[in-house]
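The values are calculated or read from the model by the stated rules, or taken from the named source; none is laboratory data. Note that the structure is predicted; figures quoted are calculated from it, not measured. All Cβ positions, glycine included, derive from the backbone under ideal geometry; neighbour counts span all protein chains shown.
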Amino acid sequence: MSTQAKRIKVLAALAALVLAVLLIGFLINLPAASAGRLGPMAAGAIDNAGQATVTDQVEPAAPDAACAGGPTIDGILLDECYINNFTVGGTAKSIRVWYTKNPVTATRMVNGNPVVLSHWINTDAQAQQVAQWGQQAWERYFAIFGRHPYDTGCGNRINIQMEDGVGWSGIAYWASPGSCRIGIDSPMVRGGGGQWVVYHEFQHYLQYSFNAGCYAYLQANYPSDSVYVEGYADLAADSVTTTLDATGYGNSVAGYDPTTSLMNKAYGDVYNKYYIEQVGSMYNVTDPWHHLDALLAHYAECDVEDNPSALDTVIPALKSALTQVQFILNFFPANTTNHSANLT
Ligand SMILES: [Zn+2]
């Protein structure tokens, strides 16, 4: 082989090597780069059109395989985490999902009986999906309520821990400065569920942010005030996506029980639906968050009066000449008609 031929061969080999390195680099980057657009997180993406205050410019960070400092639950360390960074209303926020993929059961004594628990999830993608649902809720609630879910003293971050819930599918642990954490049921997420629950728990953290008096009252009186705490968490949960809006409405209509007091309701309360329908005024009827301004008005007045009974002030303020008593009396024939219409 001539010297020139050798030189050409060496150059060709070098070029091939450079191409290979570039290609490997491209392939390595591909999953991370496309995760935000093509992965499971895109499936539940909300339409932010028209919401000038919502920004979503920061791609989620890649999953962190080993993550020190996670909680230990029943002896099981949540040894991995996924941090989802995003910007809401011009402020950098994040959701950190703690989880483990370690498929080891744990046993907890509950009321004197052993309960076997499976705290793990199956994949990193499941943690990412939970974080993405949390972001969707955060963005939507900020757009509606003009404030962030409670993250005081938590570095603009809310933590989610994946655990096997005993008697719950999600839990919004009471928040305090420096303590911002939500539990999400791992078996539910392993089975593909959890979207509604994540939205629901984030609304509890939005409720906690009304902490000039309302949050303290709700905390002290839970669960007797569930008509507002749980009812409103469901009311807001179905404001995030159109599909869940329809599900929430259908369930609340079907689930109405006329034999119990209006004030003894909790989840999926059709009376809450009627409240926003009648006295709310903002947003388009096709928006899942249609008339949620009425929910904001109630939270805000609850914070002023330190009591959710503020509705006797809120209702006439939103709809002149309508008293709370008249409003409640109107509800019954409206709801009865609604049920009758469904019988055809
Ligand atoms: Zn709840």
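Quick notes on this one:
- Out of SER320, SER309, one residue alone is of a type in the set (Ser, Thr, Tyr), out of contact with any Cys (no Cβ under 9 Å at 6 or more places or on another chain) and more than 30 Å from THR241 (Cβ to Cβ). It is SER320.
- Verdict on HIS290 being under 17 Å from ALA137 (Cα atoms) and either touching a Pro at 6+ places or on another chain (Cβ under 9 Å) or away from the ligand (no atom under 16 Å from the Cβ) (or both): yes
- Residues that are over 12 Å from GLY268 (Cα atoms), in contact (Cβ under 8 Å) with a residue 40 or more places away in the chain and in contact with a Lys or Arg (Cβ under 9 Å, 6 or more places away or on another chain) number at least 2 in the following helices (runs of 4 or more DSSP H) confined to the stretch 190-253: 195-208.
- The set of residues in the stretch 171-209 that are over 13 Å from GLN126 (Cβ atoms), buried (at least 21 other Cβ atoms within 10 Å of the Cβ) and among the aliphatic types (A, V, I, L, M) comprises ALA172, ALA175, ILE182, VAL197, LEU206.
- The lone exception for LEU206 - which of (1) within 14 Å of the ligand (Cβ to nearest atom); (2) over 15 Å from ARG140 (Cβ atoms) it fails: (2)
- Across the stretch 230-280, the number of residues qualifying as aliphatic (A, V, I, L, M) and surrounded by fewer than 21 Cβ atoms within 10 Å (Cβ to Cβ) comes to 7.
Residues are listed down the side, and each one gets a yes or a no for (1) within 16 Å of the ligand (Cβ to nearest atom); (2) outside the structural domain of PRO177 (by TED's automatic domain parsing); (3) modelled with pLDDT of 95 or more:
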| site | (1), (2), (3) |
| --- | --- |
| ALA216 | no, yes, yes |
| SER239 | yes, yes, no |
| ASP245 | no, yes, no |
| GLY248 | yes, yes, no |
| ALA254 | no, yes, no |
| THR260 | no, yes, no |
| ASP269 | yes, yes, no |
| SER281 | no, yes, no |
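- Options TRP168, TRP133: the member that is in the same structural domain as PRO71 (by TED's automatic domain parsing) and surrounded by fewer than 18 Cβ atoms within 10 Å (Cβ to Cβ): TRP168
- Any hit, the stretch 223-232, residues being within 16 Å of the ligand (Cβ to nearest atom), hydrophobic (A, V, I, L, M, F, W, C) and under 18 Å from ILE73 (Cβ atoms): no
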